[in-house]
Amino acid sequence: MKELFSPDTKFKTWRRLWVALAEAEKELGIPITDEQIAELKANIDNINYDVAEQQEKKVRHDVMAHVYAYGVQCPKAKGIIHLGATSCYVGDNTDLILMYEGLKIIRKKVKSAISLLCDFADRYKDLPTLAFTHFQPAQLTTVGKRATLWIQDLVMDLEDIDYRLKNAKLLGSKGTTGTQASFLELFGGDHEKVKKAERLICEKMGYDSIFAVSGQTYPRKLDSMIMNILSGIAQSASKFSNDLRLLQHLKEVEEPFEEGQIGSSAMAYKRNPMRSERITSLARHVIAGALNPAITASTQWFERTLDDSANKRLSIPEGFLAVDAILNLYINIAGGMKVYPKVIRRRIMSELPFMATENILMDAVKRGGDRQELHERIRIHSIAAAKAVKEEGLENDLISRIASDPLFNVTEDEIRKTLSPENFIGRAAQQVSEFLNTIERDGDTVSVKINV
């Protein structure tokens with residue numbers, strides 16, 4: 001990702017675009033020779049940065065500085081470089097190409113994270129765990145079912161990436177205000193040649209679609225849309241990392257911890273969830289950064305203004321670099337999470353008596369009890385048991401209290417036979433299997449069936 005958004009990749013792409021432009025113009029009758037094209041191609045990768053930098057100091061224009069530097073290396077082709085084009089021909093088309101290539105890198109890593117989480121979800125699909133709403137104990141779920149929530153977020157992100165790549169467009173060759181006036185002049189008023197030149201350039205750069213209309217630039221709204229995809233991935237990853245931080249506090253699930261890793265400079269016993277915390281931190285940066293292109297898109301003037309340039313040169317690469325780092329962390333954690341079933345079961349058993357009261361109530365009614373009277377007795381016993389746990393630090397003795405109440409006509413052994421956590425997870429395990437069946441995996445390839 002660093003290489004993709006490096007100056008070297010940018011300026012080499014500029015030169016590829018200049019070659020594509022010259023080739024298209026030559027094919028449509030402009031007097032450009034094979035020798036000139038060959039000269040341009042021979043110097044795509046050996047950029048003379050010293051010349052370009054010196055020229056930019058003089059002319060204060062990066063594109064014209066690089067046109068000059070390219071011409072120094074290609075004296076025969078000097079006169080036809082950038083013919084008919086404006087700065088955005090190389091600048092904007094390159095920015096689009098880099099963003100699409102960046103999404104392809106991100107896509108691979110999202111798929112890797114999904115694949116690892118699928119393995120985790122399948123492994124623990126039927127391991128009961130205490131679920132939380134409002135971070136308060138709720139009904140049971142399974143460790144695997146919880147992981148499917150993380151997977152589903154990433155699946156939605158993957159679908160967004162695929163949609164954007166499927167609809168990838170280049171700016172093409174639109175000219176200074178998007179009217180292609182310079183190219184119409186170049187081709188002697190031949191509209192078909194103007195259109196064909198643009199199609200040829202697009203094909204030579206590996207794309208098959210162009211924005212139908214534009215000002216001088218491609219719509220800056222696209223930057224916002226792409227950054228929203230990155231923000232969505234950051235949101236998914238942050239949700240995952242926050243859940244894991246809470247689980248690590250509960251000692252139920254932990255992120256990987258190396259043998260020689262130090263958790264704290266002062267407290268040697270600590271195992272801080274530093275990787276998950278780093279995800280949360282970077283995700284916050286990406287989510288906040290998505291506002292930059294949104295504001296930029298909303299404040300463009302007519303066919304273009306230049307207040308976008310400096311901003312997007314920071315916000316776009318930083319967004320991609322940060323999400324790339326987030327996904328590296330996500331993959332690392334997802335591939336090495338440690339689960340502690342005994343801790344999980346102990347927490348379940350401390351809360352399960354409360355969750356079992358509805359079943360106990362129904363059973364007591366079947367034995368001839370009064371539903372309203374039994375409900376009130378359960379409420380009283382539950383409050384008393386909770387008070388003993390909270391105020392006196394005692395174990396949850398709700399089952400003993402109910403068994404000792406003759407109104408329920410049930411023994412403690414009879415109640416405890418029903419207190420298997422597996423009896424309280426509903427369809428969690430089946431939901432995991434059914435959900436995973438909608439995700440097709442073949443090595444690093446992940447695809448999602450639309451109809452689930």
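Just so you know, all these numbers are worked out from the coordinates, no wet-lab data involved. Note that the structure is a prediction, hence the values are computed from the model and not measured. Note that each Cβ is placed from the backbone with ideal geometry, even for glycine, and that neighbours are counted across all protein chains shown.
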Radius 15 Å from Cβ of Gly369, net charge of other residues (Lys, Arg +1; Asp, Glu -1):
-2
Taking only Cα atoms, what is the 0 to 90° angle, nearest 10, from helix 221-249's long axis to the longest principal axis of the chain?
30
Under the rule rounded for a/c under 1.5, else prolate if a/b exceeds b/c, else oblate, using alpha carbon gyration tensor axes a ≥ b ≥ c, the stretch 281-430 is classed as prolate
Under the 0.36 nm per residue contour assumption, what length would be gained going from the current alpha-carbon distance of His134 and Val339 to full extension?
71.5 nm
What is the calculated FRET efficiency for Glu185 to Arg284, with r their C-beta to C-beta distance and R₀ = 45 Å, to the nearest 0.05?
0.35
If a/c stays under 1.5 just call it rounded; otherwise compare a/b with b/c (prolate if a/b is bigger, oblate if not). Do that for the stretch 86-146, with a ≥ b ≥ c from the square roots of the Cα gyration tensor eigenvalues.
oblate
What angle do you read, to the nearest 10 degrees and between 0 and 90, between the alpha-carbon axis of helix 309-334 and the longest principal axis of the chain?
40
Rank by packing, highest mean first: peptides 428-434, 59-65, with packing defined as the count of other Cβ atoms within 10 Å averaged across residues.
428-434, 59-65
Quick check on the stretch 63-219: take the gyration tensor over C-alpha atoms, sort the square-rooted eigenvalues as a ≥ b ≥ c, and tell me if it's rounded (a/c under 1.5), prolate or oblate.
prolate
Order by protection proxy (mean Cβ within 10 Å, highest first), peptides 90-96, 40-46:
90-96, 40-46
Segment Ile380-Asn311, length gained on full extension (0.36 nm per residue, minus Cα span):
18.6 nm
Grab the other residues whose beta carbon is less than 13 angstrom from that of Ile80, score K and R as +1, D and E as -1, and report the net.
-2
Expressed as cubic angstrom per residue, what is the convex hull volume of the alpha carbon set of the chain?
211
Potential lengthening between Lys387 and Asp413 on full extension [0.36 nm per residue; Cα-Cα distance subtracted]:
7.0 nm
Give me Ser236, Ser224, Ser209, Ser400 ranked fewest to most by other Cβ atoms within 10 Å of their Cβ, as a rough exposure proxy.
Ser209, Ser400, Ser224, Ser236
Based only on other Cβ atoms within 10 Å, what is the fewest-to-most ordering of His66, His191, His82, His375?
His191, His375, His82, His66
Helix 371-392: angle to the longest alpha-carbon principal axis of the chain, degrees 0 to 90, nearest 10?
70
Please report the net charge: other residues with Cβ closer than 14 Å to the Cβ of Asn359, K and R +1, D and E -1.
+1
Can you compute the charge dipole magnitude of the chain about its Cα centre, using +1 on each Lys and Arg Cβ and -1 on each Asp and Glu Cβ, nothing else charged? Give it in debye, rounded to the nearest 20.
280
Bins of 5 Å from zero: percent of alpha-carbon pairs in the stretch 357-418
4, 20, 30, 24, 14, 7, 2, 0
